[in-house]
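Participant: Here it is, the structure in full.
Please treat every number below as a calculation from the coordinates, not as lab data. Keep in mind it's a predicted model, so treat the numbers as computed, not measured. Glycine gets a Cβ as well: all are built from the backbone with ideal geometry, and neighbour counts include every protein chain shown.
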Amino acid sequence: MGLKNKATDDLERYVADRDAREAGFAALVGDAEKRRAFGREMAERRRASGTSQTQVAAAMRTCAAIVSRLESGSDVRLSTLEKYVAALGLQLELKAVVRSGAKRRGPPKTRIKK
C-alpha cells in the first residue's frame, strides 16, 4: 500500500468516525472537497487563457491573495465568485438542489411573541 492510499484511508476513517460523533461532518467535508475541485478547475481555465492571478485580481479590483484563496477552495462570498468568473469571461449560474437522502423541509415556523 502506497503512502497516498494510506493517507486516503486514514482520512476516510477519520471522517467516518467524526461523522458518527457529529452528524453532518462528512457532508461538510464533501462540500469543502467540491469547493477545492471547483477552485482547481477555475485555476486551470485561468492558466489556459494565459491570464495571471494578478491580472484577474486587477479586473476584479481586488488583490491576488483573494484570487489565490478562491482557487484553493476557500469559502468566499458569492459576490467575489461572481467577479472572478466575470474576469475570466464566464457567467456564474446557481442552482439549488435537494441533497440525496435529505428530507424536504417546509418553510421555518414562525413564533409570535406575546
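Participant: In whole percent, what relative contact order does the chain give with Cα contacts below 8 Å and a gap of six or more residues?
Facilitator: Across the chain, relative contact order equals 18 percent.
Participant: Hey, another quick one. Can you give the alpha-carbon Rg of the range 3-87 over 2.2 N^0.38 Å, where N counts its residues?
Facilitator: That ratio works out to 1.35.
Participant: At 7 Å along the Cα-to-beta-carbon direction for both Ser74 and Glu93, put a label point, then send me their distance in nm to one decimal.
Facilitator: The two pseudo-label positions are separated by 2.9 nm.
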